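Participant: The structure is given below, and queries will be raised subsequently.
The values are calculated or read from the model by the stated rules, or taken from the named source; none is laboratory data. These figures come from a predicted structure and were not determined experimentally. Every residue, glycine as well, gets a Cβ built from its backbone with ideal geometry; the counts of neighbours run over all protein chains shown.
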Amino acid sequence: MIGICESFISEQCPASLFNFPGYTLISKNRSAKGRGGLAFIIKDDVKFKVREDLSLWIEGKIETFAIETMTSNNDPLLISSV
């Protein structure tokens, strides 16, 4: 799993540039400024869910993106990018 800050995904830098075989890209992108953004690249066999309830997005001021997965012991693991 890789977390990316300042992912800059936009029409000029499309998400397809981050396509890696065996991995899934999820992202939150700025709509107005065209820069910034947060992303995770997650191996396809890792189960996860996006935690919108724990993500805060006030574009250009504070941007967080949270996901939840499980450890090998089946304990919940929360990962957030700011």
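Participant: Among the residues of region 13-51, which ones are of a type in the set (Phe, Trp, Tyr) and surrounded by 13 or more Cβ atoms within 10 Å (Cβ to Cβ)?
Facilitator: Phe18, Tyr23, Phe40, Phe48
Participant: Shifting gears a bit: For the structure I just gave you, tell me whether Ile67 is modelled with pLDDT under 95 and either assigned to a strand (DSSP E or B) or exposed (fewer than 15 other Cβ atoms within 10 Å of the Cβ) (or both).
Facilitator: no
Participant: Related question: With the checklist (1) more than 27 Å from Glu11 (Cα to Cα); (2) within 13 Å of the chain's Cα centre (by Cα) in hand, flag the one item Met70 doesn't pass.
Facilitator: Result: Met70 fails condition (2) only.
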